[in-house]
1. Which whole-percent values make up P(r) of the stretch 13-70 when all C-alpha to C-alpha distances are grouped in 5 Å steps starting at zero?
2. May I ask you to derive the relative contact order of the chain, considering only C-alpha pairs under 8 Å and at least 6 residues apart, and to give it as an integer percent?
3. Once R0 is set to 35 Å, what does the formula 1/(1 + (r/R0)^6) return for the Cβ-Cβ distance between residue 63 and residue 27, expressed as a FRET efficiency to the nearest 0.05?
4. Per residue of the chain, what 222 nm ellipticity follows from adding -39500 (n - 2.57) for every DSSP H run with n ≥ 4, rounded to the nearest 500?
5. For a test of the definition: using alpha carbon positions, the gyration tensor, and the 1.5 limit on a/c, classify the stretch 22-112 as rounded, prolate or oblate.
6. Shape call for the stretch 39-86 from the C-alpha gyration tensor, a ≥ b ≥ c root eigenvalues: rounded (a/c under 1.5), prolate (a/b greater than b/c) or oblate?
7. Working from Cα positions, state the angle (0 to 90°, nearest 10) between the long axis of helix 34-65 and the longest principal axis of the chain.
8. Out of [x] 15.6, 56; [y] 26.9, 90; [z] 14.8, 46, which label holds the value of Rg and Dmax of the Cα atoms in Å that was computed here?
C-alpha cells in the first residue's frame, strides 16, 4: 500500500488535511496563541522523554541487578553454549562480532568505529565467525562428553 493511499484512508479527525492544519496554524499565530501551544507541546515531549528515560533506565538497572526481575522483564534466557563460546574468543573477535551481530552494523560502519579499513573489518569478521564456529563446536562437544560421562543412576 502506498503512503498516499494510507493517508486517504485515515479518519480526518485523526489526521486533518494539510490545508486545515495550515489554516489553524495561521489562526493561532494571528491570535498570538501559537507560541503557548508550541511551548506546551515541547514541554509534553520533554516530559514524556524524561519519564521514558527514567523508567527505561530504572527497569534496565533492575534487570541488571536482579535475576528475578530479569526473568520477569526479559524472559528470553541467554544461550549458555553461545555465551561460553563467545567468552572463549579473543577480545578483538568478540568486539567485531558484537558490532556486527548485536549492533547490526555493516562492515563499513564497523570500520569507522574501530578506525580501520572496511576490508580489514571484513577479514576480521570472517575470521571471527570461523573462530566462533570452532568455539561453539568445542563447547557443544564438551557438554556432550560431560553428559555421557555422568549418567543418572537408576536404582
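1. Taking all Cα pairs of the stretch 13-70, the binned fractions are 4, 16, 12, 14, 13, 10, 8, 7, 7, 6, 4, 0 percent.
2. Details: 61 pairs, mean separation 23.9, N = 155.
Reported relative contact order: 15 percent.
3. 0.15
4. -24000 deg cm²/dmol
5. Taking the square roots of the gyration eigenvalues as a ≥ b ≥ c, the stretch 22-112 is oblate.
6. Taking the square roots of the gyration eigenvalues as a ≥ b ≥ c, the stretch 39-86 is prolate.
7. Taking the Cα atoms of the chain, the angle to 34-65 is about 20 degrees.
8. [y]
Readers should treat all values here as calculations from the given coordinates under stated rules, not as data from a laboratory. On a predicted model such as this, the values are computed, not experimentally measured, just so you know. Here Cβ is always computed from backbone atoms with ideal geometry, including for glycine, and neighbour counts include all displayed protein chains.
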